[in-house]
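Presented below is the structure to which this report refers.
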Amino acid sequence: MNLAHVLDGLRCASCGTLNALWLDLTRALVECRECGQTALILTDTDEGRSP
């Protein structure tokens, strides 16, 4: 089972390729399929409810 999703309309900050970013929720990262650059994602567990 693959939980990766294409992030349409976004461009990689490293190589500039459009529509090459994938969101992998299992590993909590975004990866560019063109250049291999990865970035960890952080989730807001309280969904902005803290003051």
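State which residue is surrounded by the most Cβ atoms within 10 Å (Cβ to Cβ) when the search covers only the range 1-41 and only residues that are touching a residue at least 12 places away in the same chain (Cβ under 8 Å) and of a type in the set (Val, Ile, Thr).
Result: VAL30.
Would you pick out the residues in the range 3-31 that are under 8 Å from the mean Cα position of the chain (by Cα) and in a strand (DSSP E or B)?
LEU21, TRP22, LEU23, ASP24, LEU29, VAL30, GLU31
Does ASP24 satisfy the criteria of being out of contact with any His (no Cβ under 9 Å at 6 or more places or on another chain) and at negative phi?
Numbers: out of contact with any His (no Cβ under 9 Å at 6 or more places or on another chain): no; at negative phi: yes.
Answer is no for this residue.
Quick note: the coordinates plus some simple rules give every number you see, no bench work behind them. It should be emphasised that the depicted structure is a prediction, and the values quoted were computed from it without experimental measurement. Note that each Cβ is placed from the backbone with ideal geometry, even for glycine, and that neighbours are counted across all protein chains shown.
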